[in-house]
1. Evaluate the following for residue 267: is it of a type in the set (Gly, Ala, Ser) and either within 30 Å of residue 395 (Cα to Cα) or surrounded by 14 or more Cβ atoms within 10 Å (Cβ to Cβ) (or both)?
2. So, in region 151-205, exactly how many residues are charged (D, E, K, R), crowded, with 17+ Cβ neighbours inside 10 Å and farther than 20 Å from residue 141 by Cα?
3. Show me the helices (runs of 4 or more DSSP H) found entirely inside region 1-96 where at least 2 residues are within 15 Å of residue 244 (Cβ to Cβ).
4. Any residue that is at pLDDT 95 or above and more than 23 Å from residue 19 (Cβ to Cβ) - is there at least one of those in region 229-247?
5. What number of residues in region 371-410 are outside any loop (DSSP other than H, G, I, E, B), over 16 Å from residue 281 (Cα atoms) and open to solvent by 30 Å² or more (accessible area, probe 1.4 Å)?
6. Residue under question is residue 308, and the condition is that it be touching a His at 6+ places or on another chain (Cβ under 9 Å), open to solvent by 30 Å² or more (accessible area, probe 1.4 Å) and over 21 Å from residue 371 (Cβ atoms); does it hold?
7. Residue 94 is checked against (1) under 17 Å from residue 36 (Cβ atoms); (2) at pLDDT 95 or above and fails just one. What number does that condition carry?
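The values are calculated or read from the model by the stated rules, or taken from the named source; none is laboratory data. Keep in mind that what you see is a predicted model, and the values were worked out from it rather than measured. Every residue, glycine as well, gets a Cβ built from its backbone with ideal geometry; the counts of neighbours run over all protein chains shown. For accessibility, only protein heavy atoms count, side chains too; no ligands or nucleic acids. Shrake-Rupley method; radii C 1.70, N 1.55, O 1.52, S 1.80 Å.
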Amino acid sequence: MKEDTLIKRILRENNVVTVFQPVVSLKEMRIVGFEALSRGICSETGNIIQPSIMFEMARAENCDLDLDRLCRRTAMKSYKTIPDYNKYLLFLNIDTCVIDKNDTESANYTKALTDEFGISYSSISLEIVESKIENNHNLVNFVDNYKKLGYYVSLDDFGAMHSNMNRIILSKPNIIKIDMGLIRNIHDNYYQQSIITSIIDIAKKTGALTLAEGLENMEDIMKSYELGIDLYQGFFFHRPCIDVGSAIGFIQDKINYTVGYVKNKLAENVTIRKNRHTNFENITSLLKQEAKGRNLEAFYKALIANITFFPEIERIFILDNAGMQTLPSVMNPSHEIRKTKSFSMFHENHSDHSLKDYYYYLKKLDAGRYFTDTFISSTSGNILRTMSCTLNIRDENYILCIDFIDSLKS
């Protein structure tokens, strides 16, 4: 007689419950939907069994498809108990075994369940952890079939494990859920911000929305909003719960509070950036004053003498009218330098900068001044923004370029 294991008892007794966590839109100031999260119950002890442990046990006993079916059925049944459930999108997890095993009956089971419970196909977003799927062909077929029926498809935990951009192109999801490992402490990590910006960019180009998972504090929410994230999910708004109806009022209040904070912070940030740019421009004007009555060599020596008075500056360099740099960069000795030379400085003497943004767009826009996007300095690790401007010395035209420190954090 086969051993009556815990996972077998859970399946036989249907001992799975569904808890829901809200997904919100700050721009629309409302709850968009709820993610259904499954929990197992041990009938003997009453202990909660987390889904990762449940599915690990199920895979070991080759009953993961059965467990996935039970979780989906329980989720749909519980979803219909939410007041005005059809106003919200149900985010429904699909275990990768359904796709990798290419089992037609299991793949069609979600449609059959949706019909059985009388739920609209467009009320469900199927969540797939694409990094765990081995067969791209099966992934594409699964997504195409369900999208044609009217379901939404979300790529879950994107950015974790071996996620790759190619999966976005192949599956063309409606929603990309960015893994909490990339979201956590995003407000304080420029590298994470850069990666997420790339994900947001490709999402926009493919018509997908982005969703930040695992949000626990206002700082990360604020930075996510600034970067352009569309949807938000995490303990900050509400922990997973069974009784969604009693939590909706609190969640909406939390959304309203967050929207107010974001609006105030955006206005504050605009003022800060405006003041920072004004300061940069004032410093530039002061430095340009040093060019009056001096030749290029004397102006260069004046820059060396004065750069330490401006901690906002990391580097200054001069280009001729054709975009050539003929003098070494002036580095601010008051800043810690990790490397004596950056990759871009290996050949800076007599180097051609004519294709650099700070030269090319300054000349094309004929604006007198140009600010680049932020970037990380390879010599100090500071976050910089290059400002370029026109400069006239003894009737010769030059380009003055200043690497201003936008942030000391990287």
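1. Working: of a type in the set (Gly, Ala, Ser): yes; either within 30 Å of residue 395 (Cα to Cα) or surrounded by 14 or more Cβ atoms within 10 Å (Cβ to Cβ) (or both): no.
So residue 267 fails the test.
2. Of all residues in region 151-205, those charged (D, E, K, R) come to 156-157, 167, 172, 177, 179, 184, 188, 201, 204-205.
Of the ones still in play, those that are also crowded, with 17+ Cβ neighbours inside 10 Å are 156-157, 167, 177, 179, 184.
Narrowing the set further to residues that are farther than 20 Å from residue 141 by Cα leaves 157, 177, 179, 184.
Qualifying residue count for the region: 4.
3. 64-79
4. Yes, there is a match, as at least one residue in region 229-247 is at pLDDT 95 or above and more than 23 Å from residue 19 (Cβ to Cβ).
5. Just the residues of region 371-410 that are outside any loop (DSSP other than H, G, I, E, B), to begin with: 371, 375-376, 383-393, 396-407.
After this cut, where a residue has to be over 16 Å from residue 281 (Cα atoms) as well, the list is 375-376, 383, 392-393, 396-398, 407.
Among the residues that remain, those that are also open to solvent by 30 Å² or more (accessible area, probe 1.4 Å) are: 375-376, 392, 396-398, 407.
Looking only at that region, the number is 7.
6. Details: touching a His at 6+ places or on another chain (Cβ under 9 Å): no; open to solvent by 30 Å² or more (accessible area, probe 1.4 Å): yes; over 21 Å from residue 371 (Cβ atoms): yes.
No: the conditions fail for residue 308.
7. Result: residue 94 passes all but (2).
Residues checked against (1) in contact (Cβ under 8 Å) with a residue 12 or more places away in the chain; (2) surrounded by 22 or more Cβ atoms within 10 Å (Cβ to Cβ); (3) not aliphatic (A, V, I, L, M):
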position: 14; (1), (2), (3): yes, no, yes
position: 24; (1), (2), (3): yes, yes, no
position: 32; (1), (2), (3): yes, no, no
position: 38; (1), (2), (3): yes, yes, yes
position: 51; (1), (2), (3): yes, no, yes
position: 86; (1), (2), (3): yes, no, yes
position: 98; (1), (2), (3): yes, yes, no
